[in-house]
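We did not get these values from a lab; they are worked out from the coordinates using the rules stated. Predicted model, so just to flag it, every value in this text is computed and none were measured. As a convention, Cβ positions derive from the backbone with ideal geometry for all residues, glycine included, and neighbour counts pool all protein chains shown.
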Amino acid sequence: MDKSMTINKNLLKWTSACLVLGLLFISCKKDEIISPEPEKEIPVKTEGGTPYYKLQRIENLVVETDDANPTVPPTAVLFSLETKAIVPLLYAKTNRWDICFNGLYNSFLSSNNGQSGTSLGAGSTGTGAITIIQKPFDQVTDIPADGTLSITKTIGTDDEGDFGEGIGWYLYDFGGTKRGDGSYDKQHVAYALPEKRTIVIRTAKGDYAKIKMISCYKDAFTADKWFRTTPHMYFTFEYVIVPKGSTKFEIK
Amino acid sequence: MKYTKYTCRFTKKTITAALLLLTVAFGSCKKDEPDPNEVLQDGKSVVITDLAGDTQAAMGSGTPGKEVRPFYTFLFRFRDQKQIWIRNAADSAQWLKTKDWDLAFTGPYNSEVYVNDKDYQYNPGFGGMAKSAVLLLEQSYDTVNQAPSDQTFNASEVTKIGWASSAASNGWFFYSLNTHIMQAIPNRTYAIRLPDGKYAKLQLINAYKGNPPSVTDLNWPAPYYTFKYYVQQDGSKNLQTK
């Protein structure tokens with residue numbers, strides 16, 4: 001009798017605990033999804049914390065593309081430099097993501113800023129900003145002044161190539177004659193410019209990162225391996241993230 | 001009852017007559033329709049129609065009668081509508097770094113337009129003598145009555161007027177990589193501050209011959225530029241043309 005009572009009691013305890021947990025979980029989830037007020041945002045718990053001061057490499061971050069309809073605006077892709085992962089669009093209005101890959105072939109990068117009318121994070125608590133520096137990654141050691149970062153800018157095609165939009169991270173070779181030999185296979189190739197371009201971003205939470213865009217082609221990290229039909233868009237890039245208030249991009 | 005009476009009156013003859021009248025009316029309507037280039041005239045602006053770009057060049061895929069090579073850049077001067085070709089190093093040396101041009105039509109199909117700016121490294125006039133600035137105004141040409149402030153010009157990040165890969169870009173046309181057809185974006189006017197401090201406005205209208213409202217035929221003759229501009233000669237910011 002006593003025994004079965006204890007078992008029952010224990011069972012009851014467990015069941016109620018599970019129920020409560022379940023409820024908590026559900027309510028948490030709901031909060032996250034709706035979360036119209038910024039103060040309700042729950043920061044992502046990153047295992048081991050934000051990976052500060054270490055060189056990070058993301059290989060072949062794949063973004064769906066449709067070569068049959070290349071100018072139809074694709075779905076934006078959000079990425080967190082803190083968790084090193086794609087963030088569902090559901091979280092666009094939160095400070096959980098740092099870079100938005102948007103526009104043509106998802107090749108235009110922008111930041112997460114709640115004050116920017118054009119950012120996907122408009123209205124969020126994101127304090128992001130972005131710029132591009134005409135130097136290779138290793139030479140960018142000082143964090144540029146906040147005044148030189150833009151909350152609205154998108155960074156994509158470079159004016160050195162065709163259809164450039166200012167200074168960008170890649171050169172688009174329309175006719176295949178700028179970097180290629182003019183052959184069919186070298187036409188319409190997008191050349192990342194890691195040798196002379198570095199993106200600097202202030203993250204949604206105010207940290208700083210410098211980013212070397214290396215390629216948008218699958219498993220092909222150098223220009224000799226890039227052709228019209230090489231599978232794309234598979235973003236490969238390296239970055240270093242340092243905490244809010246830093247003045248240097250240090251690797252420790 | 002009255003209605004039935006009326007319907008009865010619609011004999012074959014009347015119908016034919018009505019149809020005839022309608023056709024005549026429609027025909028005359030069509031005649032009254034203004035020439036697409038005539039509506040561009042406002043009595044003040046300079047309207048350039050079908051200015052031939054590099055029609056001999058082609059990008060890839062052997063088009064008969066065209067050479068596979070990059071498009072030659074041409075320059076354009078506002079004050080006398082002079083078109084200047086840059087085909088070789090000698091042309092470049094003679095013209096690019098001078099103040100003798102206002103617009104450079106570069107890139108595929110001459111579709112990427114620069115103002116003359118010595119300070120931007122990819123500008124054809126880089127290292128030269130001219131300092132211009134350009135801004136995108138998202139309004140129709142006729143409604144632009146005033147040039148923006150100098151601070152706005154100074155802060156401009158528009159390096160070139162070309163392809164708009166998205167609605168957020170500053171370009172003058174959308175280009176479908178699928179159909180390969182260019183389409184000017186409505187309500188885009190470019191305000192320009194010229195090297196001599198004068199203000200101007202510019203609308204790029206078409207790259208297809210005859211300024212058709214839309215093109216479905218990939219082989220429609222191109223590039224033939226239609227555009228209009230106005231330079232305020234008195235140095236004021238007044239850009240009213242209508």
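Loop-resident GluC sites (Glu not before Pro) (DSSP state other than H, G, I, E or B) in segment B:90-195 with no more than 11 further Cβ atoms inside 10 Å of their Cβ: B:Glu138.
Given R₀ = 25 Å, what would the calculated FRET efficiency be for B:Gln151 paired with B:Lys118, taking r from the Cβ atoms and rounding to 0.05? Calculated transfer efficiency: 0.75.
Express in whole angstrom the spacing between the alpha-carbon centres of segment B:96-125 and segment A:91-108. Segment B:96-125 and segment A:91-108 have Cα centres spaced 32 Å from each other.
Is segment B:151-201 best put as rounded, prolate or oblate by its Cα gyration tensor, with a ≥ b ≥ c the root eigenvalues, rounded for a/c under 1.5, and otherwise prolate when a/b is larger than b/c, oblate when not? It comes out prolate by the Cα gyration axes. With R₀ fixed at 22 Å, the C-beta to C-beta distance from A:Arg228 to B:Arg69 puts the FRET efficiency at about 0.75. Take the Cβ atoms of A:Thr118 and B:Ala90, set R0 to 56 Å, and the FRET efficiency comes out at 0.80. Mean partner shielding of peptide A:62-69, defined as the number of other chain Cβ atoms within 10 Å of each residue Cβ, is 1.
Given A:Lys153/A:Lys218; A:Lys54/A:Lys225; A:Lys210/A:Lys248; A:Lys93/A:Lys218, which pairs have Cα atoms separated by over 19 Å? The answer is A:Lys153/A:Lys218; A:Lys54/A:Lys225; A:Lys93/A:Lys218. Structure note, pairs B:Lys160/B:Lys237; B:Lys131/B:Lys160; A:Lys186/B:Lys160; B:Lys82/B:Lys237: Cα-Cα distances above 19 angstrom occur for B:Lys160/B:Lys237; A:Lys186/B:Lys160; B:Lys82/B:Lys237.
What does the C-alpha gyration tensor say about the overall shape of segment A:65-116? Classify as rounded when a/c is under 1.5, otherwise prolate if a/b is larger than b/c, or oblate. Since a/c reaches 1.5 and a/b is larger than b/c, the shape of segment A:65-116 is classed as prolate. Modelled spin-label separation between A:Leu89 and B:Asp80, with each label point placed 7 Å from Cα along the Cα-to-Cβ direction: 5.5 nm.
Per-residue mean of foreign Cβ neighbours for A:98-109 is 2 (Cβ atoms of other chains, 10 Å radius). One decimal place: the segment B:Asp217-B:Asn187 gains 8.4 nm when fully extended, by the rule 0.36 nm per residue minus the C-alpha distance. For segment A:35-242, the spread of Cα positions along the three principal axes, ordered from largest to smallest, is 55, 37, 31 Å.
Under Stokes-Einstein, with the Kirkwood radius over Cα pairs as Rh, the value for segment B:34-231 at 25 °C and 0.890 mPa s is 142 µm²/s.
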